[in-house]
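For reference, the structure is listed below as C-alpha cells.
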Amino acid sequence: MSSTPDCSAVERLHAALDGADAVLIGAGAGLSTAAGFTYSGERFTRYFADFAAVYGFGDMYSGGFYPYPTPEEFWAYWSRYILVNRYMDPPGTAYSDLLALVRDKDWFVLTTNVDHCFQKAGFDRQRLFYTQGDYGLFQCSQPCCAETWDNEAAVRAMVEQ
C-alpha cells in the first residue's frame with residue numbers, strides 16, 4: 001500500500017473545499033504528529049533522556065502518568081513537557097498548510113490537541129474549541145472558579161531551576 005495519497009481523493013477533497021460554504025475541522029494528535037510533535041524516538045531522547053534513565057519510561061506520554069515520588073519531581077517533568085509541547089514550535093508545516101486550505105472559508109476547529117499549534121499557525125483563537133484544554137493555561141486544582149491563568153512565565157521558571 002502506498003503512503004502517497006490517491007490523486008482522485010485529493011482532487012475530491014479540493015472540490016469539496018471549493019464548493020463548501022463552511023468547513024468544520026476536527027483534529028487530534030495525528031495532526032500534531034504530522035507537524036513533527038512526536039512523543040517518542042529522537043525527540044523524546046533529546047528532551048527527556050535524563051527522566052528515561054531515572055524512571056525507566058520510554059516516551060513523553062508515559063512520563064505524564066508516572067507516579068513521581070515528590071511534587072518537585074512531578075513538576076520538573078511537567079514543566080519541561082509543557083515547555084517542549086506548548087511553547088516550542090513544531091518543525092513541520094501541517095497546521096499552516098491546513099490554514100492555507102481554509103483561509104478564505106468560514107471555518108471552525110474542534111480539537112483535542114492541547115499544544116496551541118493552531119494558534120501558532122495563525123488560526124483565529126475565536127474560531128477554536130479545545131475540548132481538552134491548553135497546556136499553556138493553569139487552573140485551580142479544586143473546582144473553585146472557571147478562571148484560567150497563562151503559565152508561560154511559571155513554566156519557564158520551573159524549567160530553569
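The values are calculated or read from the model by the stated rules, or taken from the named source; none is laboratory data. Everything numeric in this text was worked out from a predicted model, so none of it was measured. Cβ: placed from backbone, ideal geometry, glycine included. Neighbour counts: every protein chain shown.
Only a single criterion out of (1) under 22 Å from residue 35 (Cα atoms); (2) exposed (fewer than 13 other Cβ atoms within 10 Å of the Cβ); (3) polar (S, T, N, Q); (4) in contact with a helix residue (DSSP H, G or I) (Cβ under 9 Å, 6 or more places away or on another chain) is not satisfied by residue 85, namely (2). Residues in the range 13-41 that are of a type in the set (Val, Ile, Thr) and out of contact with any strand residue (DSSP E or B) (no Cβ under 8 Å at 6 or more places or on another chain): 2 in all. Condition (residue is of a type in the set (Val, Ile, Thr) and surrounded by fewer than 12 Cβ atoms within 10 Å (Cβ to Cβ)) applied to the range 2-11: is it met by at least one residue? The answer is yes; a qualifying residue exists.
Taken over the range 67-97, the criterion of being polar (S, T, N, Q) and either free of Cβ contacts under 8 Å to residues at least 12 places away in the same chain or outside any loop (DSSP other than H, G, I, E, B) (or both) is satisfied by 70, 79, 85, 96. Return yes or no: is residue 63 in a helix (DSSP H, G or I), free of Cβ contacts under 8 Å to residues at least 60 places away in the same chain and in the same structural domain as residue 123 (by TED's automatic domain parsing)? For residue 63, the condition - in a helix (DSSP H, G or I), free of Cβ contacts under 8 Å to residues at least 60 places away in the same chain and in the same structural domain as residue 123 (by TED's automatic domain parsing) - is not met.
Restricting the range 57-82 to residues that are of a type in the set (D, E, K, R) and more than 23 Å from residue 118 (Cβ to Cβ) leaves a set whose member that is surrounded by the fewest Cβ atoms within 10 Å (Cβ to Cβ) is 72.
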